[in-house]
Amino acid sequence: MNKTLPVFALFLVIILEGYVVLSSELLAIRQTIPFVGSGTDTVSIIIAAVLMPLAFGYQAGGSFRPGFKDNGQYQSIRNKLTQNIFISMCILSIGLSYALINVFFAGAIKIGISNRLILTCLYSLIFLVIPVYLLGQTIPLISNYFGREKLSKVTGKILFFSTFGSFLGAVFSTLVLMAYIGVHHTVSINFIILTGLIILLSKKKFSERNIIAIAIAAGTLFLNSDKIMDVFGVVENNKYNTITYIETQENGELARHLVLNNNSSSMLTESGIKHDYVEYIEKIAIDPITNGTSPKDILVIGAGAFTVGLDDETNNYEYLDIDSSLQKISEDLILKKPLGKNKTFHPTPARAFLTQTNKTYDLIILDTYLGALTLPEHLVTREFFEQIKSKLHNGSVVIANFIASPSFNSALSRNLDNTIRDVYPNVSRQVIDDYNIWDTSPDETENIIYTYKHHEDAKTRNVYTDNKNRVFYDKPRQ
C-alpha cells in the first residue's frame, strides 16, 4: 500500500474524478442548449465525446510507466495524475463557462459555421475530448497504489467508488446543485474539486502548478459569478433554461422581453402590446369570450411570461411549464404584477400532466415551440397530439404556434404538417408574419398558427370524385 497517500485519499480521488466527468458531461449538454439546441442528435454527440475518450484514457493510464522523460526529468505516477488534472482543468475552464462558450459559438457562426451538428462536434473536440481522455487515466494510475491487494477485490472496490462518483455527478449536480444554486455555480464547484484534487495529490502544496490551479479556479469562479451573468442579462440559469431579460424600444415605448435559451419567449410593452402571434391568438380565440357569462377552461402549454390571456379576468387559465422559476421572474420583470386569481401555474412536464388529469378543456394553446433549435422532440409526435385531443370535448379548440418554413421549404415544416393533420382533420394553417411565397430557403421561418376545432361527430373523411360526387348534399341549404 502507498505510504504517502492513505487509502481514504485514494478512494476520494476516484470518487471525485467520477463525479467531475459525469457532471462535466451534463453541464456541457446543458450549457450548449442555447446555441445548438436540446435534440437527441446533439446530446448523442456530446455523450460520444465523453465515452470514447474515457475508454482510450483507461487504456493509456494502464499503459503508463513511471520513468525519465525525454527532457531528463523523472515523472512519477503522482506527477502524471496532477499534470492530467491540471491540463483538464485549464481546458474545461473555457469549455464550461457560459461567458466563454458564448464567445466561442458567436465566433464560429461569424466565420460561417452555422450547422448545429458541426458546431456541437467542434465544441466537443476542442473542450471535451482531451480533458475526458486525461481524467479517464485516473483509475488505472491510482490502481498502481494497490499492488499488493488481491486484484479482483481491489478492482471491485475501485469500480464501485468510481461508479458512485459518477452517480453523484449525474444526480447530485442536477437535482440538487443546478436546481438550488444554478448551472454557473455548479460549474464553479467542479473547478473547486479539481483544484482540491491537484493539491491533495501534490507533494509540494505550494508548488507553481498548485498556485496556477488556484488562480484558474478563482478566475472560473469569477467567470461564472452572478456579476458576469448580469452582463449577459441572465437572471436565471437552472437545469432547464438560461433565462435572459432584455429591454428594447418598440414604436417609441419600452418593451420587456423574456428570452429562454436564446429564443424570444415573451414580450410585453408598457401599453400591453405582445408578440404578433399572441395578439392573433387572443383576437380569434380569447377576445370573443373575455366577457362571457360562462367561464371557459383554458390550458396553455408553454407558460413563457404568462402573457397569453393576461388581461382576461373571466375565464379560467392553467399554465404548464417544466421550469418553476418562470412565475416569479415573469411577475417581477415582465408583468410587474402577480398572476390573477383565475390563473394557475403547474410547474410540471406537459405529457406527465396530460397523463394524470382527466379534465377536458374548452381551449388548449400549445406554445412550447420557441425555435427549430430548441424544438421539444417529445411534443411534436402523433402520440402527443393524440394526448391533447383526448382532453377535448365537442366544440373545443386547439391552437398551436410553431416556428417553421411558411412555404414548406424544410423537411421539418412538411413532416410537422403531416403529423398534425394525421391527428387533427380539417385543421387550418395561418402564417402570422409577411413572407415571400417564392423564397426557396429552408432556413426562412415564421410564426405558423394551426387551429383545430373538435367535432365529435366528424368521424368520416369523404372525398369528392368524378365518380362519386355528393357535394350537392353537403352544400348549405340557406
### Query
If the range 95-172 were replaced by its equivalent ellipsoid, with semi-axes equal to the square roots of 5 times the Cα gyration tensor eigenvalues, what would those be, largest first, whole Å?
38, 13, 10
### Task
Scan around SER396 for amide H atoms under 5 Å from its own, H built in the peptide plane at 1.01 Å from N, and keep only partners 5 or more places away or cross-chain.
HIS454
### Query
In the chain, what % of DSSP beta bridges are antiparallel (nearest 5)?
65 percent
### Summary
With 0.36 nm assigned to each residue of separation and the Cα-Cα distance removed, TYR58 to CYS90 gains 9.4 nm
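Span-like helices, the chain: DSSP H, alpha-carbon axial extent 15 Å or more, mean Kyte-Doolittle -1.0 or greater, which ones?
The qualifying helices are 7-36, 40-63, 77-95, 98-110, 116-127, 151-171, 183-201, 208-223, 411-423.
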### Query
Hey, what did the range 292-465 get for relative contact order, percent, Cα under 8 Å, at least 6 apart?
19 percent
#### Entry: Pairwise label distance in nanometres, LEU51 with ILE113, each label 7 Å out on the Cα-Cβ vector
2.4 nm
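Report the trypsin sites (Lys or Arg not before Pro) located in the range 323-355 that are in a DSSP loop and have at most 15 other Cβ atoms inside 10 Å of their Cβ, or state none. Don't skip to the end; give the middle numbers.
Working: sites: LYS328, LYS336, LYS341, LYS343, ARG351; in loops: LYS336, LYS341.
Qualifying residues, ordered by number: LYS336, LYS341.
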### Task
First obtain the Kirkwood hydrodynamic radius of the chain from its Cα pairs, then insert it into the Stokes-Einstein equation at 10 °C and 1.306 mPa s, and state the resulting D in µm² per second as a whole number.
62 µm²/s
### Task
List the trypsin sites (Lys or Arg not before Pro) within the range 64-130 that fall in a DSSP loop (any state other than H, G, I, E or B) and whose Cβ has at most 11 other Cβ atoms within 10 Å.
LYS69
### Message
A 27 angstrom limit on the alpha carbon distance is what I want to check against. Which of LYS328/LYS389; LYS274/LYS453; LYS296/LYS389; LYS150/LYS204; LYS80/LYS227 exceed it?
### Response
LYS328/LYS389; LYS150/LYS204; LYS80/LYS227
### Query
In whole Å, what three semi-axes, largest first, describe the equivalent ellipsoid of the range 324-478 built from its Cα gyration tensor (square root of 5 times each eigenvalue)?
32, 23, 15
### Virtual spin-label span in nm between ASP443 and LEU100, 7 Å along Cα→Cβ
2.8 nm
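Using the number of other C-beta atoms within 10 angstrom as an exposure proxy, rank SER265, SER413 with the fewest first.
SER413, SER265
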### Message
For TYR473, TYR452, which order do you get if you count the other beta carbons within 10 Å of each Cβ and list the fewest first?
### Response
TYR473, TYR452
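Quick note: the coordinates plus some simple rules give every number you see, no bench work behind them. Every value quoted in this text rests on a predicted model; they were computed, and no experiment measured them. Cβ: placed from backbone, ideal geometry, glycine included. Neighbour counts: every protein chain shown.
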